[in-house]
1. Filter the range 55-73 for residues that are outside any helix (DSSP H, G or I) and without any contact (Cβ under 8 Å) to a residue 60 or more places away in the chain and give the result.
2. Give the residue, chosen from Leu22, Leu37, that is exposed (fewer than 10 other Cβ atoms within 10 Å of the Cβ) and within 25 Å of the chain's Cα centre (by Cα).
3. Val123 - would you say it is modelled with pLDDT under 90 and farther than 26 Å from Thr18 by Cα?
4. Hey, among the residues in the range 40-72 that are among the small types (Gly, Ala, Ser) and under 24 Å from Thr5 (Cα atoms), which one's most open to solvent (accessible area, probe 1.4 Å)?
Amino acid sequence: MPYNTTAIPPRREPTGSTQLPLSRVKKMIAIDQDISLCSSPAGFVITLATELFVQYLAESAHNVVKSERKPRRNIQYRDISSAVSHLDNLEFLVDVVPKTVPYKEVKERKTTAGPKINGESSVEPGQTTLDGKKPDVNGTNGLEHAGPSGTAGEDDPNAQLEMEMEIRGARASIGSSSGYGGKEPSQDVEMH
């Protein structure tokens, strides 16, 4: 059975209802920690504004498709990214909807750059490893060299977090006979 690909015409008159689910939009608004309470009319207006924005973005991408030599009926990601890169009022989405780069081009750029020599770091500024640690390579990114003990420095936030997690684990393993994890309230845990 063929799919129904006819476009849904946009509403021109206000009906008092939205096409996007209002409850989900309110849940997304509630995720924001800066907003403590959102009234129903405010959620409704934000939902309508979102619908208008999505409609405008789709129309812009559709105009890109129509301008091609061989127009298509479907909008693809590349059409949206092209519309974002060409229209000034959608420029704020450049980081969110970047142009795609084929893997061949990325691979060619990497091979033309060549391997790093003389201790140059292959790590970009601000880059971390998969386990969240910043690599200690020749002091890049403002990191100190690893000392004889293998630690990077006293101000390392990962080391602080690991120490706090160990302390919490020790508190949980002691058992809680009182509300303080088995310790008296006068006893403090020393933080380094």
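1. Narrowing the range 55-73 to residues outside any helix (DSSP H, G or I): 67-73.
Listed by number, the residues that qualify are Ser67, Glu68, Arg69, Lys70, Pro71, Arg72.
2. Details: Leu22 fails: exposed (fewer than 10 other Cβ atoms within 10 Å of the Cβ).
Of the residues listed, the single one that is exposed (fewer than 10 other Cβ atoms within 10 Å of the Cβ) and within 25 Å of the chain's Cα centre (by Cα) is Leu37.
3. Numbers: modelled with pLDDT under 90: yes; farther than 26 Å from Thr18 by Cα: yes.
Yes; evaluated as a whole, the condition is true for this residue.
4. Initial filter on the range 40-72 (among the small types (Gly, Ala, Ser)): 40, 42-43, 49, 58, 60-61, 67.
Then keep just the ones that are under 24 Å from Thr5 (Cα atoms); that gives 58, 60-61, 67.
Details: Ala58: 45, Ser60: 12, Ala61: 0, Ser67: 91 Å².
If we take residues in the range 40-72 being among the small types (Gly, Ala, Ser) and under 24 Å from Thr5 (Cα atoms), then Ser67 is most open to solvent (accessible area, probe 1.4 Å).
Rundown of residues vs (1) farther than 30 Å from Val101 by Cβ; (2) among the β-branched types (Val, Ile, Thr); (3) at pLDDT below 90, yes/no style:
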residue: Asn4; (1), (2), (3): yes, no, yes
residue: Leu20; (1), (2), (3): yes, no, yes
residue: Ser40; (1), (2), (3): yes, no, yes
residue: Val45; (1), (2), (3): yes, yes, no
residue: Ser60; (1), (2), (3): no, no, no
residue: Ser67; (1), (2), (3): no, no, yes
residue: Arg72; (1), (2), (3): no, no, yes
residue: Ile80; (1), (2), (3): no, yes, no
residue: Ala83; (1), (2), (3): no, no, no
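The values are calculated or read from the model by the stated rules, or taken from the named source; none is laboratory data. In this text the structure is predicted, and so the values were computed from the model without any measurement. No Cβ is skipped: glycine too gets one built from the backbone with ideal geometry, and neighbour counts run over all protein chains shown. Accessible surface areas use protein heavy atoms only, side chains included; no ligands, DNA or RNA. Shrake-Rupley method; radii C 1.70, N 1.55, O 1.52, S 1.80 Å.
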